[in-house]
Amino acid sequence: MLQVTIRRQCRADLLKRGTGVEQLLPRSHRRHRRVSTPYQAPQLTAMFLARTSGDPAALVQQMRGAVHAIDPHQPVDQFRTLDDVRSASLAAPRLTATLISAFAGIALLITAAGLAGVIAFSVNQRAQEFGVRMALGASRGSVLQLVMGQGLRLVLIGLAIGGVGAVLLSGTVRSLLFATEPTDAATYAAVALVLAVVALIACFLPARRASSVDPLVALRGE
């Protein structure tokens, strides 16, 4: 499909001469192509849509020549395919969605770094406690599980608060969604799963550090 814009009063000239719109196409192409004229104001421009079974770019010079055969001084411009028209109309929403996705990714990294920092700080503060636990017989696995559980509780609290906020503010992104409801349960579950996995990975390094505390060093520091 090819969109053509004809400026000034070529459309009026075509009507006065009794020429059908399809006469803009070469005779050899009329069988497999259609031309339609969408409604628009008559004062400045006329727009035509030509359907072709081949490459739309191949009709550019032929359609320009057909118009110039009627009026050599008539400017004919803006030859665009419907793919180009669709891409132009979606440029702004696509840019907005890309920026939101980029900021969401940055926020996810900041959240993971912050959670890892909080857990690491807690591990440093409780190093002696972990040393005592291990001196009394606690295994490295139990210490690792203890620290990971602490991080998991923070993650669950954050997901609960964030989920409620997302539902309340979901209407603000309705215009950016396609074939998806703002309160789609599968989307919320997938996002929660991704956040939980990232958060648990962020908690693992501090938890592993806590499980490797030397009981003798911890007790000596105590």
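Derivation of every value follows stated rules applied to the coordinates shown; laboratory data play no part. All values reported here derive from a predicted model rather than from experimental measurement. Here Cβ is always computed from backbone atoms with ideal geometry, including for glycine, and neighbour counts include all displayed protein chains.
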So for the pair SER142, LEU99, with labels modelled 7 Å out along Cα→Cβ, what separation do we get in nm?
5.4 nm
Inverse of mean 1/r across different Cα pairs in the stretch 91-221, Kirkwood, Å:
16.9 Å
Starting from the Cα-Cα distance between VAL85 and PHE178, subtract it from 0.36 nm times their residue separation and give me the gain in nm to one decimal.
31.6 nm
